[in-house]
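Data first, discussion second: the structure below is written as structure tokens.
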Amino acid sequence: MSRPGFEPVFDSYLAVAVLALALLALLALRPQFGSLTRRRRTILTGLRLAIVLLAIAALLRPTWITTVRTPRPSVFLVLLDTSRSMNL
């Protein structure tokens, strides 16, 4: 049986949400180094969004959990102790 799992940083989904909101808010800041065509600005914003989404995914630390059940043979053990400590 396999299933996805998440182990967020700081063991808190709230911390991840706050960091994600801060990263998404930073997308509103635009570079001030000159004019860009609308197409180039759209491409760069899309790339920035993709990087922010990858950072959010990294903050969640996704894992894939696989559980394998293997039957084990039954064992019955009998232990005998004849040492002095057991005779006292």
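Restricting the search to region 34-88, which residues are in a helix (DSSP H, G or I) and not aliphatic (A, V, I, L, M)?
Narrowing region 34-88 to residues in a helix (DSSP H, G or I): 38-60, 84-87.
Result: Arg38, Arg39, Arg40, Arg41, Thr42, Thr45, Gly46, Arg48, Arg84, Ser85, Asn87.
Do you know which residues across region 58-80 are exposed (fewer than 10 other Cβ atoms within 10 Å of the Cβ) and of a type in the set (Gly, Ala, Ser)?
Going through region 58-80, the residues exposed (fewer than 10 other Cβ atoms within 10 Å of the Cβ) turn out to be 64-80.
Answer for region 58-80, where residues must be exposed (fewer than 10 other Cβ atoms within 10 Å of the Cβ) and of a type in the set (Gly, Ala, Ser): just Ser74.
Going through region 15-33 one residue at a time, which ones are surrounded by 10 or more Cβ atoms within 10 Å (Cβ to Cβ) and either among the polar types (S, T, N, Q) or not in a helix (DSSP H, G or I) (or both)?
The answer is Leu27, Arg30.
Rundown of residues vs (1) over 27 Å from the mean Cα position of the chain (by Cα); (2) not charged (D, E, K, R), yes/no style:
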residue	(1), (2)
Leu27	no, yes
Leu36	yes, yes
Arg41	yes, no
Ile51	no, yes
Leu54	no, yes
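Each row is one residue, and each column tells you yes or no for (1) in contact with a Lys or Arg (Cβ under 9 Å, 6 or more places away or on another chain); (2) charged (D, E, K, R); (3) under 15 Å from Glu7 (Cα atoms).
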| site | (1), (2), (3) |
| --- | --- |
| Arg30 | yes, yes, no |
| Thr37 | no, no, no |
| Arg40 | no, yes, no |
| Thr45 | yes, no, no |
| Leu53 | no, no, no |
| Ile56 | no, no, yes |
| Arg61 | no, yes, yes |
| Pro71 | no, no, no |
| Val78 | no, no, no |
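Any idea how many residues of region 1-14 are in a helix (DSSP H, G or I) and either among the β-branched types (Val, Ile, Thr) or within 13 Å of the chain's Cα centre (by Cα) (or both)? Explain how you work it out, then say what you get.
Within region 1-14, the subset in a helix (DSSP H, G or I) is 9-11, 13-14.
From what is left, the residues that are either among the β-branched types (Val, Ile, Thr) or within 13 Å of the chain's Cα centre (by Cα) (or both) are 9-11, 13.
The total comes to 4.
Please name all residue pairs, on different chains or six or more residues apart, with Cβ atoms under 7 Å, provided the first residue is in region 45-56 and is of a type outside the set (Val, Ile, Thr) and the second residue is in a helix (DSSP H, G or I).
Ala55/Leu23
Can you tell me how many residues in region 34-57 are of a type in the set (S, T, N, Q) and either in contact with a helix residue (DSSP H, G or I) (Cβ under 8 Å, 6 or more places away or on another chain) or surrounded by 12 or more Cβ atoms within 10 Å (Cβ to Cβ) (or both)?
Quick first cut of region 34-57, residues of a type in the set (S, T, N, Q) only: 35, 37, 42, 45.
Going one step further and asking which of them are either in contact with a helix residue (DSSP H, G or I) (Cβ under 8 Å, 6 or more places away or on another chain) or surrounded by 12 or more Cβ atoms within 10 Å (Cβ to Cβ) (or both), we end up with 45.
Total meeting the criteria: 1.
Readers should treat all values here as calculations from the given coordinates under stated rules, not as data from a laboratory. Just so it is clear, the structure is predicted and the values come from calculations on it, not from any experiment. Note: ideal-geometry Cβ built from the backbone for every residue, glycine included; neighbour counts use all protein chains shown.
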